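So the structure is just underneath, and the comments pick up after that.
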Amino acid sequence: MDWIRKDLLGIKGLSKEEILFILETAESFKEISLREIKKVPTLRGKTIITLFYEPSTRTRTSFEIAAKRLSADTINISASTSSYVKGETLKDTAKNLESMKPDVIVIRHSMPGAPHMLAGLVDSSVVNGGDGAHEHPTQALLDLFTIKEKKGRVDGLKIVIIGDIIHSRVARSNILALRHFDTDVVCCGPPTMIPPKLEELGVRVEYNMNRAVEDADVIMMLRIQKERGGVSYIPSIREYSTIYGLKATHLERAKKDVIIMHPGPINRGVEITDEVADGPYSVILDQVENGVAVRMGILYLLTGRVS
Amino acid sequence: MKILIKNGRVIDPGNSINDILDVYIKDNLVEKIGKNLREKGNEDHIIDASGHIVAPGLIDTHAHLREPGYEYKETIATGTMAAARGGFTSIVCMANTDPVNDNKSVTEYIIKKAGLEGYCRVFPCGAITKGLRGEELSEIGEMFEAGIVAVSDDGKSVRNSEVLRKAFEYTKIFNIPVISHCEDHDLSKGYVHEGSVSLLTGLDAVPSIAEELIVNRDIVIAEYVGSHIHLTHISTAGSVDIIANAKKRYQRVTSDTCPHYFTLTDEATLGFDTNTKVNPPLRSKKDVEAIKEGLKNGTIDIIATDHAPHDMTSKDVEYNLASSGISGFETALSLSLSLVHGGVLSIEELIKKFTINPARLLNLPYGEIKEGKTADIIVFNPYMEWVVDKNAFYSKGKNTPFHGWRLKGKNLLTIVDGRIVYRDTHFK
């Protein structure tokens, strides 16, 4: 198939074929990162800007490494070093960046819809690197990639997402991606952190952690989004970690070959114990590794799109 | 000035008129209404209204003119020009200007400015509390003397129930309504309706109960002290229910809604278009249906615009940062006529909600076509199709989610105080 989209703004709207196409493309790039000389000339002459209004370690670095391994030129702009702090609006920033003719702009923003606004203002491709509590499509794609890689399939799996669902763009994007497959998705967390009508997205809601993890193939942990006021949704971090922290005892209830995922950054001792985060079931670092391949695939598809 | 409007269908629910009639206007008054009125030969204008509807000028109980203080968003001149284009001959402007209309100087300023530059009648609504802070009552008596027709802290609810109680009591002296903007402060930390759509957009959301709690509280307080309460821009099914029940036991409850609450659902927010950001937010399909039902069964008495013009800089930003509001004067009648075309309301019922009902709420001597009374009259065609072009708005506020919509029904002529203040270019 050919890639025709200008932007990747969310999982919503993507067809199953498009999702599988991205994953296949990513697959072919994964090997490059294992070479001694980790660089191919595929995107030589292309310019990729990462425009980050929110802090990030993984996503920004991952995009930059992905772009560099494809020989693209990369420029990183973060809120603290941009004219944003001087009061420039997103619209003006967009128009100014546009004048410098980048091929792709990766944006992260604390407010939902900011990437959509940017996409409407520029001819460059726009990739949503996370917008508020809305979507984080590249994370969901790398999660799906990791699940496929570890389990050999997505269909037939029970996938449990645990934590601050209401503030989580990762949960939203994952739920929307997993909907395309024959999966049993269970969302678990305190009711204050479960958005109303969540079941409409085709998931089950379970407040009890022990029941949620029963026979799970995949357990995806989320952190409390302190920057979105997550802490006020629970009485205390201590109580939260007692009730919703993932511990070794939970793993006994899950499938023998369960995998533990986390989009990072992890808060050790809050949503996950050291023992589990660093244990044999954890694929948290594999996710990070796959993130580079998935983002290489996405940058490749967007810059080579058929217009 | 003498104007003869011939052969139009005159619909005036206030006087139970619905017939093909001629209307003769002399100076600022309706001199004669009748069949085949003879031309005297000295008319300044003879309007052929055949095929059109002749109705009392519309009265808007809820608008924002932004002056003083926000003249870059709208002025009394541009706002009233837009109102006249939309068919409004009297409008109520809310108090959230800068300075706030919480004292007679501001009231007098608005009235003076409207007299000099206005294209239609302007009736200021005073603030309930000083600075809209919800703490102390404004000088309602002095503002009443200066010309306010109601009080409201529109934009927010009076959070302190004791202060609100005092407002309901104090306004009894002047017999003016308290207009309640219903929004629980603590439950309203969001930008869109909480439901299936906010689940997808991840935008911070406001639940229906934020409105319903205050609708209920404010009715309870008004009923307790025996004052008139008018609930404005009602948007949820639950509110319609609460008001319907209250009306069964207490007579002095009225309410209004706005065209966007029966035209758009929260699905319009899916693309993050900031023109869909409005307070209260666009609600679910179920709510929209309930609003229509409430209009039909009389629970909702009035259609108001909540005309809220903004400059583009306030809208060309991230959804969270965008100002709330829709520029509504120039689309309100057309959007509302869809209720008639869709079989929700009869044309008389619709006109009633735009004329005599608001006139009674505000004790205004307008909203009807009657011999010897002021000539505030419009001529509109309920079937004429046109495409909304925000760039052609008379209002400075181009913030509309209806840009590019093909609407059915258009105001053609507006007469205020016996003077033609607006005439559609296609209406010869």
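Read the figures in this text as sums done on the coordinates, not as results from a lab. Keep in mind that what you see is a predicted model, and the values were worked out from it rather than measured. Cβ atoms come from the backbone with ideal geometry, glycine included; neighbour counts cover every protein chain shown.
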Kirkwood hydrodynamic radius (C-alpha pairs) into Stokes-Einstein, the protein assembly as shown, 25 °C and 0.890 mPa s, D in µm²/s: 87
Spacing of the two label points (7 Å from each Cα toward its C-beta) at B:Arg252 and A:Arg5, in nm: 5.8
Summed side-chain charge close to A:Ser56 - residues other than A:Ser56 whose Cβ falls under 14 Å, Lys, Arg +1, Asp, Glu -1: +2
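Using only helices, what value at 222 nm comes out for the protein assembly as shown when you add -39,500 (n - 2.57) per DSSP H run of length 4 or more and divide by the total residues, to the nearest 500 deg cm²/dmol?
Taking each H run of at least 4 residues, the total per residue is -9500 deg cm²/dmol.
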Degrees, to the nearest 10: B:285-297 long Cα axis against longest axis of chain B: 50
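Take the residue pairs B:Lys292/B:Lys396; B:Lys247/B:Lys352; B:Lys104/B:Lys370 and return only those whose Cα atoms are more than 25 Å apart.
Values: B:Lys292/B:Lys396 30 Å; B:Lys247/B:Lys352 19 Å; B:Lys104/B:Lys370 33 Å.
Checking Cα-Cα distances, B:Lys292/B:Lys396; B:Lys104/B:Lys370 exceed 25 Å.
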Relative contact order of segment B:242-315, pairs being alpha-carbon contacts under 8 Å that are 6 or more residues apart, as %: 41
Sites A:Arg268 and A:Lys12 - FRET efficiency at Förster radius 41 Å, r taken between beta-carbons, to 0.05: 0.80
Amide H contacts under 5 Å for B:Trp405, placed H, 5+ residues apart: B:Val388
Test item: A:8-18 mean partner chain Cβ contacts at 10 Å: 1
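Looking only at other chains, what is the average number of their beta-carbon atoms within 10 angstrom of each beta-carbon in A:195-201? Mind showing how you got there, number by number?
Values: counts 8, 7, 8, 2, 1, 4, 3.
The mean count of partner-chain Cβ atoms within 10 Å per residue comes to 5.
Considering only DSSP states other than H, G, I, E and B, which GluC sites (Glu not before Pro) in segment A:18-56 qualify as loop sites with at most 11 other Cβ atoms within 10 Å?
Numbers: sites: A:Glu18, A:Glu24, A:Glu27, A:Glu31, A:Glu36; in loops: A:Glu36.
Sites meeting the loop and neighbour criteria: A:Glu36.
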Amide H partners (placed H, <5 Å) of B:Val421, local residues excluded: B:Thr414, B:Ile415, B:Val416
25 Å Cα-Cα threshold exceeded, pairs from A:Lys95/B:Lys156; A:Lys38/A:Lys151; A:Lys95/B:Lys390; A:Lys6/A:Lys46; A:Lys16/A:Lys151; A:Lys12/A:Lys39: A:Lys95/B:Lys156; A:Lys38/A:Lys151; A:Lys12/A:Lys39
Using alpha-carbon coordinates, inclination of helix A:90-99 to the longest axis of chain A, degrees: 40
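Set the Förster radius R0 to 51 Å, insert the Cβ-Cβ distance between B:Asp186 and B:Lys112 as r into 1/(1 + (r/R0)^6), and round the FRET efficiency to 0.05. Don't jump to the answer; show the numbers that get you there.
Working: r = 40 Å, r/R0 = 0.77.
Calculated transfer efficiency: 0.80.
Let me have the relative contact order for chain A, percent, based on Cα pairs under 8 Å that are six or more residues apart. Walk me through the numbers before you get to the answer.
Numbers: 598 pairs, mean separation 66.7, N = 307.
For chain A, the relative contact order is 22 percent.
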Inter-chain Cβ neighbour average for residues B:312-319, partner chain, 10 Å: 5
For segment B:56-362, convex hull of alpha carbons as volume per residue, Å³: 113
Placed amide H near B:Leu282: partners under 5 Å, 5+ positions off or other chain: B:His193
Formal net charge of residues neighbouring B:Thr331 (Cβ-Cβ distance under 14 Å; K, R +1; D, E -1): +1
Trypsin sites (Lys or Arg not before Pro) lying in DSSP loop within segment B:1-66, provided at most 15 other Cβ fall within 10 Å: B:Lys35, B:Arg38, B:Lys40
Counting DSSP beta bridges with both ends in the protein assembly as shown, the antiparallel % (nearest 5): 35
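Using a simple charge model, +1 on the beta-carbon of Lys and Arg, -1 on the beta-carbon of Asp and Glu, nothing else, what dipole does segment B:384-428 show about its Cα centre, in debye to the nearest 20? Show your work: numbers first, answer last.
Values: 9 positive and 4 negative charges, 14 e Å.
Roughly 60 debye, rounded to the nearest 20.
Figure the gain on full extension for B:Lys285 and B:Lys130 (residue separation times 0.36 nm, minus the Cα-Cα span) and round it to one decimal in nm.
Numbers: separation 155, 0.36 × 155 = 55.80 nm, distance 3.75 nm.
That pair, B:Lys285 and B:Lys130, stretches by 52.0 nm at full extension.
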Cut-off 12 Å (backbone N to label point 7 Å along Cα→Cβ of B:Asn363), residues of segment B:163-194: B:171-178
Hz values of 3J(HN,Hα) by residue in segment B:17-32 - Karplus curve (6.51, -1.76, 1.60), Gly and Pro given as x: 9, 8, 7, 7, 9, 9, 10, 10, 10, 10, 6, 9, 10, 7, 8, 8
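Within segment B:283-387, which GluC sites (Glu not before Pro) sit in a loop by DSSP and count at most 15 neighbouring Cβ atoms inside 10 Å?
Values: sites: B:Glu289, B:Glu293, B:Glu318, B:Glu330, B:Glu348, B:Glu349, B:Glu368, B:Glu371, B:Glu385; in loops: B:Glu318, B:Glu330, B:Glu368, B:Glu371.
Within segment B:283-387, the qualifying GluC sites (Glu not before Pro) (loop, at most 15 other Cβ atoms within 10 Å) are B:Glu371.
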Total formal charge among the other residues, if their Cβ is under 11 angstrom from that of B:Glu142, Lys/Arg +1 and Asp/Glu -1: -3
In nm, spacing of pseudo-spin labels at B:Met1 and A:Lys68 (7 Å Cα→C-beta vector): 7.4
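Run the dipole for segment A:85-182 about the Cα centre, Lys and Arg Cβ at +1, Asp and Glu Cβ at -1, nothing else charged, and hand back the magnitude in debye, nearest 20. Please list the in-between numbers first.
On the way: 13 positive and 12 negative charges, 54 e Å.
Rounded to the nearest 20 debye, it is 260 debye.
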